[in-house]
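Student: First the structure, which I've put down as structure tokens, then a few questions once you've had a look.
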Amino acid sequence: MKLLREIVNTGRQVALIVLFLSLCMLVNISAATGHDEMRVTLLGTGTPFPNAERFGSGILVEVKGKKLLFDCGRGVVIRLTQAQVNSADIDGLFLTHLHSDHVVGIPDLWLSGWFLGRSKPLPIWGPSGTRSMAEHLVQAFGFDVRIRQATPDPLPANGVEIDAKEIEQGEIYNDGLTRVSAFHVDHGTVKPAFGYRIESGGHSVVISGDTKFCQNLVDSAKGADCLIHAAWSASWKNPAPPSMRSIASAEDAGRVFAIVKPKLGVIYHYKTEEGLSDAVRKEYKDPFVIAKDLMVINVGKTVTWDGKSAADTTPDGDKSRN
């Protein structure tokens, strides 16, 4: 009986060791997968025109444990909630420019994030005018701020502060793992306007912001895994002559994709989808998608979107190979 008990105990010990090693392997696999990827969620792909299906501009990039938000248009906090992200957990907001459809959601992000648990200042990077806008938000919502800081349940004072930084072209954020660089783009009379390049772990995502065809965007996007480009409509759908336009046509975006050659091109901030795909295809034959709100793109060794791989698409871009 003693020998039998020893055998049973030894078997249990071996089983526990095997279980422990298996768990360690699972943790390591999970960590390696998360460590190597950038997760991009298109929160809002719309325009200034109200649209219940496509909210205002907003792109969330999750990388190395950080949640970085690019633009904050209409409904971004709702989309964050749908994406199961607490607005209190946003580590930084980066603005491409100060058109209302890119910033009108800031009060909601700022105050809802504070109400939902943010205990430190909200960092915002943006063009000249960003600091003044932030200061006037504090003034405009002074009553709400005072009430929520009053007893018996005051919210933390640091959580309602805004740390607004006005930027120039170049590296503007670097936490040692992830780098964000801003570059000038051509949005007509709107100056300055910026695009952003986010780099981490050997991978990169570029966001054009609102722009016409722009050589500086082309130069700044070289080697990007994923290029997210604004395109108002197919050229034939826009009555304004090209010289008077302040934002790219689908053909313009296709030209940029063709030069940069990302693993995946993405069209966002479009007014109408009619003719969009065919217009891009006039210039670009490789994988691209027309973004929808809450579309998720994972950028790692491969680029996938909503579970589909950019490497496994037909020349039609948004159809998977059988």
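The values are calculated or read from the model by the stated rules, or taken from the named source; none is laboratory data. Keep in mind that what you see is a predicted model, and the values were worked out from it rather than measured. Ideal geometry is used to build each Cβ from the backbone, glycine not excepted, and the neighbour counts take in all protein chains shown. Quick note on the areas: whole protein, heavy atoms, side chains included, nothing else; ligands and nucleic acids left out. Shrake-Rupley method; radii C 1.70, N 1.55, O 1.52, S 1.80 Å.
Student: Using each residue's phi in region 100-114, evaluate 6.51 cos²θ - 1.76 cosθ + 1.60 at θ = phi - 60° and report the 3J(HN,Hα) Karplus result to the nearest Hz, with x for Gly and Pro.
Tutor: After applying 6.51 cos²θ - 1.76 cosθ + 1.60, I find 4, 6, 10, 10, 5, x, 4, x, 5, 4, 5, 7, 5, x, 5 Hz.
Student: Please give me, ordered by residue number, the GluC sites (Glu not before Pro) of region 132-208 that lie in loop per DSSP and have at most 14 other Cβ atoms within 10 Å.
Tutor: Values: sites: GLU135, GLU161, GLU166, GLU168, GLU171, GLU199; in loops: GLU161, GLU168.
Qualifying residues, ordered by number: GLU168.
Student: Still on this model: Please name which of ILE162, ALA182, PHE141 has its Cα lying farthest along the dipole of region 125-204 towards the positive end, using unit charges on Cβ (Lys, Arg +1; Asp, Glu -1) and the Cα centre as origin.
Tutor: Of ILE162, ALA182, PHE141, it is PHE141.
Student: Run the dipole for region 171-322 about the Cα centre, Lys and Arg Cβ at +1, Asp and Glu Cβ at -1, nothing else charged, and hand back the magnitude in debye, nearest 20.
Tutor: 200 debye
Student: Another question, if that's okay. Placing +1 on the Cβ of each Lys and Arg and -1 on the Cβ of each Asp and Glu in the chain, which of GLY73, ALA240, THR130 has its Cα farthest towards the positive end of the resulting dipole?
Tutor: The listed residue farthest towards the positive side: GLY73.
Student: Give me the net charge for the shell around HIS97: Cβ to Cβ below 9 angstrom, other residues only, Lys and Arg +1, Asp and Glu -1. Intermediate values should be presented prior to the final figure.
Tutor: Numbers: positive: LYS191; negative: ASP71, ASP210.
It works out to a net charge of -1.
Student: Send over the semi-axes of region 188-322's equivalent ellipsoid, whole angstrom and largest first, taken as the square roots of 5 times the C-alpha gyration tensor eigenvalues. Let's see the in-between values first.
Tutor: Numbers: eigenvalues 106, 65, 28 Å².
Taking √(5λ) for each eigenvalue gives 23, 18, 12 Å, largest first.
Student: Please work out, to two decimal places, the log10 of the ratio I(q)/I(0) at q = 0.16, 0.17, 0.25 Å⁻¹ from a Debye calculation in which every Cα of region 173-244 carries one identical scatterer.
Tutor: -0.60, -0.66, -1.13
Student: How much of the accessible area of the chain, in percent, comes from carbon and sulfur atoms when a 1.4 Å probe is used? Mind dumping the intermediate values first?
Tutor: Details: 8780 of 15480 Å².
Carbon plus sulfur share of accessible area: 57 percent.
Student: At 1.4 Å probe size, what's the solvent-accessible area of LYS212? Round to the nearest 10 Å².
Tutor: Its accessible surface works out to 50 Å², give or take rounding.
Student: Could you tell me the relative contact order of the chain? Use alpha-carbon pairs under 8 Å, at least six residues apart, and round to a whole percent.
Tutor: Numbers: 683 pairs, mean separation 46.6, N = 322.
Over the chain, the number comes to 14 percent.
Student: With θ set to phi - 60° and the Karplus curve 6.51 cos²θ - 1.76 cosθ + 1.60, what are the ³J(HN,Hα) couplings of region 253-263 in order, to the nearest whole Hz, using x for Gly and Pro?
Tutor: Using θ = phi - 60°, the values come out as 4, x, 4, 5, 4, 5, 7, 6, 6, x, 5 Hz.
Student: Here's another thing I want to ask about it. Ordering THR211, THR272 by accessible area with a probe of 1.4 Å, largest first, what comes out?
Tutor: Working: THR211 0, THR272 40 Å².
Result, largest first: THR272, THR211.
Student: Report D for the chain in µm² per second (integer): Stokes-Einstein, Kirkwood Rh on Cα pairs, 37 °C, 0.692 mPa s.
Tutor: Working: Rh = 21.2 Å.
Here the translational diffusion coefficient equals 155 µm²/s.
Student: Ok, one more. Per residue, how many Å² of accessible area does the chain show with a 1.4 Å probe?
Tutor: Numbers: 15480 Å² over 322 residues.
Per-residue accessible area for the chain comes out at 48 Å².
Student: Over the heavy atoms of LEU109, what accessible area does a 1.4 Å probe trace out, to the nearest 10 Å²?
Tutor: 0 Å²
Student: Excluding same-chain residues fewer than 8 positions from LYS308, which lysines have a Cα within less than 16 Å of its Cα?
Tutor: LYS263, LYS292, LYS319
Student: Given charges of +1 on the Cβ of Lys and Arg and -1 on the Cβ of Asp and Glu, with all other atoms neutral, how large is the dipole of the chain about its Cα centre, in debye to the nearest 20? The partial results should precede the final answer.
Tutor: Numbers: 35 positive and 36 negative charges, 137 e Å.
Computed about the Cα centre, the dipole is about 660 debye.
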